[in-house]
Amino acid sequence: MTTDTGLFYPSRTDKKYTPPKAKGVPVLGVLPQMRQDPMNFLIKSASTLGDVVELDLGFDRALLFSAPDAIKYIFQDNRLNYHKSRYMDDLRPIIGNGMLLAEDEVWQHQRQIAVKGFEGRRLKAMADHMTSAASDMSARWRNRPHPEAPMDMVQETMRLTLDVVLRSMFSVKLDGIHGPLYDAITFLLKDVERRFWMLLRPPAWLPVPMNIKRQAMIKVLDNFISEIIEQRRGMANPPDDLFQMLIEAYGHDQEQLLRNEALTFIIAGQDTTASALAWTWAMLSRHESAWQHLKSEVDRVLEKRTPQFDDIQNLPMTHRILQETLRLFPPAWTLSRTAVKDDLVGNVPVAKGTTVIISPWVVHRRADLWPNPEGFDPHRFNPAAIAERHRFAYIPFGGGPRVCIGARFATMEAILVLARVAQEWRLNLATGHKLEPEPMLIQRPRNGLWMVAQPL
């Protein structure tokens with residue numbers, strides 16, 4: 001990667017810079033490379049062409065930025081000029097204009113309400129849900145007919161994180177009654193990812209099988225939310241959970257708003273954390289020293305009792321292992337924005353309508369920011385190392401005012417679950433299992449993550 005271009009430090013009077021263009025094919029541009037192997041293609045483009053690269057995506061022009069100063073400018077300094085790109089539109093039929101997709105004043109209002117859900121007292125209460133769900137998962141593992149058989153930890157973590165969200169948001173558990181909800185969410189996430197890579201997709205109104213199935217699964221989600229709202233109307237003392245907070249903010253009659261925000265919490269709070277947990281267990285299986293550090297810390301701090309909210313601050317190595325995993329395998333491996341008006345990022349012109357791509361996968365592998373970037377080293381996140389690094393060199397949750405509002409929730413959940421599982425289990429990659437990232441909307445292990453759970 002280039003480090004001496006000075007692209008993001010010059011004054012506005014400096015000569016405008018035309019970034020190099022990645023080589024593509026007529027009409028389609030670099031779409032074939034992006035479809036075939038997008039992660040390696042973006043890494044190669046940034047490492048050979050520099051801090052900013054022009055990409056032709058068919059009829060769409062995009063700019064890939066990987067320098068922390070440029071990312072800071074786009075995410076923070078001039079964030080109002082960069083809206084969520086059209087590549088997120090496939091989520092809109094599911095979550096509507098929820099906080100993840102809303103812009104400007106609508107988003108600000110939603111954010112002000114949602115932030116109350118992650119105050120200290122609420123997070124402390126949620127910690128109990130997280131450890132309880134992890135304990136239930138552990139009990140389920142022990143009661144399997146063939147406990148020695150490999151498990152797909154992607155599926156296990158998906159069930160776990162949905163269970164945590166349901167307990168925290170609605171005060172219900174993921175059980176047989178809510179099995180269809182899990183199936184619906186799983187289908188819809190995969191459907192969004194399929195559509196993400198389709199060059200031609202049927203319009204939503206066309207009654208083709210994939211659209212019919214999607215509408216049926218969305219109906220499952222709608223019915224679930226409607227039932228919860230109806231239940232809450234008749235409650236004299238409703239539970240003090242995240243959904244009740246939304247009801248008090250929006251009112252019982254704002255069903256569409258409640259639906260959009262609730263489903264935003266569910267979708268955003270499940271898949272990303274599940275991916276982070278799965279990859280962390282994979283890294284612990286591959287790196288014995290990291291596992292020994294985590295296990296020693298958990299045993300010393302907890303002394304066989306269930307982890308609690310106040311324990312998190314005393315589990316720094318567990319946290320660093322998670323952070324290093326998120327560096328190497330950020331769930332949101334690429335983030336995109338669309339320029340609302342013409343702009344200059346440093347001295348790079350960004351025309352109105354241009355897609356701006358920021359890839360944590362690329363940024364987290366810059367050798368000038370992360371020595372030996374492919375290596376797994378949790379010590380990168382010691383306080384002294386963090387203090388020396390550019391704040392926007394590490395962006396697993398995005399950055400600026402629109403940084404993921406659930407980042408603290410997700411981090412807390414992952415630390416508590418890792419600690420709780422490490423008390424009872426050693427997870428090892430199944431023999432012959434190939435570990436490979438799959439670049440869908442949320443990056444996760446391709447073909448699952450098959451591991452053997454060894455009781456301790």
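Would you point out the residue of segment 304-350, among those that are among the hydroxyl-bearing types (Ser, Thr, Tyr) and farther than 30 Å from LYS21 by Cα, that is surrounded by the fewest Cβ atoms within 10 Å (Cβ to Cβ)?
Kept after step one, since they are among the hydroxyl-bearing types (Ser, Thr, Tyr), are these residues of segment 304-350: 306, 318, 325, 334, 336, 338.
Going one step further and asking which of them are farther than 30 Å from LYS21 by Cα, we end up with 306, 318, 325.
Numbers: THR306: 15, THR318: 27, THR325: 26.
This residue is THR306.
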Of the listed residues (PRO10, PRO26), the one being modelled with pLDDT of 90 or more and either of a type in the set (S, T, N, Q) or out of contact with any Phe, Trp or Tyr (no Cβ under 7 Å at 6 or more places or on another chain) (or both) is PRO26
When PRO371 is run through (1) in contact (Cβ under 8 Å) with a residue 40 or more places away in the chain; (2) in a loop (DSSP other than H, G, I, E, B); (3) surrounded by fewer than 21 Cβ atoms within 10 Å (Cβ to Cβ); (4) not β-branched (Val, Ile, Thr), the failure sits at (1)
Matching residues in segment 290-303 (closer than 18 Å to GLN454 by Cβ and either more than 26 Å from the chain's Cα centre (by Cα) or not aliphatic (A, V, I, L, M) (or both)) number 5
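Which of the residues that make up segment 166-217 are outside any helix (DSSP H, G or I) and either in contact with a Gly (Cβ under 9 Å, 6 or more places away or on another chain) or under 30 Å from GLN231 (Cα atoms) (or both)?
So the first thing to find is which residues in segment 166-217 are outside any helix (DSSP H, G or I), and the list is 171-175, 197-208.
Across segment 166-217, the qualifying residues are SER171, VAL172, LYS173, LEU174, ASP175, LEU199.
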For segment 374-393 the number of residues that are surrounded by 12 or more Cβ atoms within 10 Å (Cβ to Cβ), of a type in the set (Gly, Ala, Ser) and closer than 22 Å to SER45 by Cα is 1
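Any chance you could count how many residues in segment 230-250 are under 29 Å from the mean Cα position of the chain (by Cα) and either part of a helix (DSSP H, G or I) or surrounded by fewer than 18 Cβ atoms within 10 Å (Cβ to Cβ) (or both)? Before the answer, list the steps.
Our first condition is that a residue be under 29 Å from the mean Cα position of the chain (by Cα); within segment 230-250, this holds for 239-250.
If we keep only those that are either part of a helix (DSSP H, G or I) or surrounded by fewer than 18 Cβ atoms within 10 Å (Cβ to Cβ) (or both) as well, we get 239-240, 242-250.
Number satisfying all stated conditions: 11.
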Filter result for ASP89 (crowded, with 19+ Cβ neighbours inside 10 Å, free of Cβ contacts under 8 Å to residues at least 60 places away in the same chain and closer than 22 Å to GLY353 by Cα) | no
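The values are calculated or read from the model by the stated rules, or taken from the named source; none is laboratory data. All of these numbers come straight from a predicted model, not from anything done at the bench. Glycine gets a Cβ as well: all are built from the backbone with ideal geometry, and neighbour counts include every protein chain shown.
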